[in-house]
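This report refers to the structure that appears directly beneath it.
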Amino acid sequence: MTNGGLPPYYFRVKDNGALVFRVDAENRQRRLELNQIATININNGLVKPQGDTELTEADEDAIADWMVARTAELAARDIDDILRAVDHLNLTAHWVQSRATDAQLDAVTDRLLLAMHDLRTVLVKKRADRVLKD
């Protein structure tokens, strides 16, 4: 870390990647400046320098490290989201069994059954594909 304990780069996350900034706190005005140097598309791995910026080897290394870490973070979030969905299904089953009124059940039953049927169909197909592959 440089710049008085600040990291040398800041990554502003967006839907499909990030904007990359060099952090500058060592200027004459002693103000913190973020200078955009690149745009990253995490989906296709594209790194596009900003304007006339030529990325240094240190820039490219920092960007590559961030992309690896971000990809791992997003993958972990995906699994966490699915595990939370399992919890919600369990909570929903308990709600249906213990508290739901007839009107509430009428409002959600068809949508829940269709979503669960769709999920079950996809899961069974994927499991069969894996079994046949092995």
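Values quoted throughout were computed directly from the atomic coordinates according to the rules given, and no laboratory measurement underlies them. This structure is a prediction, so every number in the text was calculated from the model and none was measured. Because the Cβ atoms are built from the backbone with ideal geometry, glycine has one as well, and the counts that use them run over all protein chains shown.
Quick look at the numbers
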item	result
Candidate set from region 48-72 (those that are buried (at least 16 other Cβ atoms within 10 Å of the Cβ) and touching a residue at least 24 places away in the same chain (Cβ under 8 Å)); member that is farthest from Asp15 (Cα to Cα)	Asp59
Segments classed as strands (runs of 3 or more DSSP E), wholly inside region 1-114, with at least 3 members that are in contact with a Cys (Cβ under 8 Å, 6 or more places away or on another chain)	none
Some residue of region 10-28 being among the hydroxyl-bearing types (Ser, Thr, Tyr) and loosely packed, with under 12 Cβ neighbours inside 10 Å	no
Some residue of region 25-42 being out of contact with any Pro (no Cβ under 7 Å at 6 or more places or on another chain), touching a residue at least 12 places away in the same chain (Cβ under 8 Å) and over 30 Å from Gly5 (Cα atoms)	no
Residue check for Pro8: in contact with a helix residue (DSSP H, G or I) (Cβ under 9 Å, 6 or more places away or on another chain), farther than 30 Å from Leu123 by Cα, free of Cβ contacts under 8 Å to residues at least 24 places away in the same chain and not aromatic (Phe, Trp, Tyr)	no
